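The values are calculated or read from the model by the stated rules, or taken from the named source; none is laboratory data. What you are looking at is a predicted structure, and each value in this text was computed from that prediction instead of being measured. Cβ placement follows ideal geometry from the backbone for every residue including glycine, while neighbour counts extend to all protein chains displayed. With ligands, DNA and RNA removed, areas are computed over all heavy atoms of the protein, side chains included. Shrake-Rupley method; radii C 1.70, N 1.55, O 1.52, S 1.80 Å.
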Amino acid sequence: MMTVRKTTDRYGSLSIGLHWIMLLLLIAVYACIELRVFFPKGSDLRTGLKTWHFMLGLSVFVLASLRLTARLTNPVDLIELAMPWWSKFLSKFMQITLYIFMIGMPLAGWLLLSAEGKPIPFFGLQLPALIGESKDLAELIKDIHTTSGTVGYFLIGLHASAALFHHYVLKDSTLTRMLPKRD
């Protein structure tokens, strides 16, 4: 039976599902923006990849907001691992940092398109601009968005490495409690 809420030994199906869907979305967001460089500027493929990057990025924002809401409405962590205080601190710090990343990056992208005066596509919808057009502000936001995107590779890699470290070195349930249940 699927559990939406956490139990004492694993996360609920909603948290697990959102976690892995978010990973797939983040891979797609990065793939779209990285693959665009293989196509000429102005080409349909390059433009399409950028559009998908925007739309999938905004999807990350929507799902991250849903994840954060679910987490805040179910704040009691019933899963307690025997970890030193510094390990718990780093874990919480990484969680907060990842949420800031997953919410902040799409917002920065939305702000960037707004400042550039470009449409903000979202699966057939045109979202409203968040700010007025400004070339200087657009350049600043683009620099922040690009740098944060590079930092995102390291955050995701560090998160995955920590889970693997817990699983293979510490041999605790950090990774398995977030894996889909096999019956």
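Pairs from the table (LYS50/LYS181; LYS41/LYS135; LYS92/LYS135; LYS88/LYS142; LYS92/LYS181; LYS88/LYS171) lying more than 27 angstrom apart at Cα are LYS50/LYS181; LYS92/LYS135; LYS88/LYS142. Couplings 3J(HN,Hα) of the stretch 112-127, computed from phi: 4, 4, 4, 5, 7, x, 9, x, 10, x, 8, 6, x, 9, 10, 6 Hz, in residue order, whole Hz [Karplus 6.51 cos²θ - 1.76 cosθ + 1.60, θ = phi - 60°; x for Gly and Pro]. Our summary gives the stretch 42-151 a relative contact order of 28 percent, counting only alpha carbon pairs under 8 angstrom and 6 or more residues apart. Per residue, the chain exposes 64 Å² of solvent-accessible protein surface, assessed with a 1.4 angstrom probe and all protein chains in place.
Checking every one of the trypsin sites (Lys or Arg not before Pro) in the stretch 125-172 against DSSP loop status and a limit of 12 other Cβ atoms within 10 Å picks out LYS171. Taking amide H positions as modeled 1.01 Å from N, with prolines and chain starts lacking one, the residues under 5 Å from PHE122 and 5 or more places away or on another chain are LEU127.
Here the chain exposes an accessible surface that is 71 percent carbon and sulfur, computed with a 1.4 Å probe and the other protein chains kept in place. The loop-placed chymotrypsin sites (Phe, Trp or Tyr not before Pro) in the stretch 72-166, going by DSSP, that have at most 10 neighbouring Cβ atoms within 10 Å of their Cβ come out as PHE123. In the chain, the calculated helix contribution to ellipticity at 222 nm averages -23000 deg cm²/dmol per residue, counting -39,500 (n - 2.57) for every DSSP H run with n ≥ 4.
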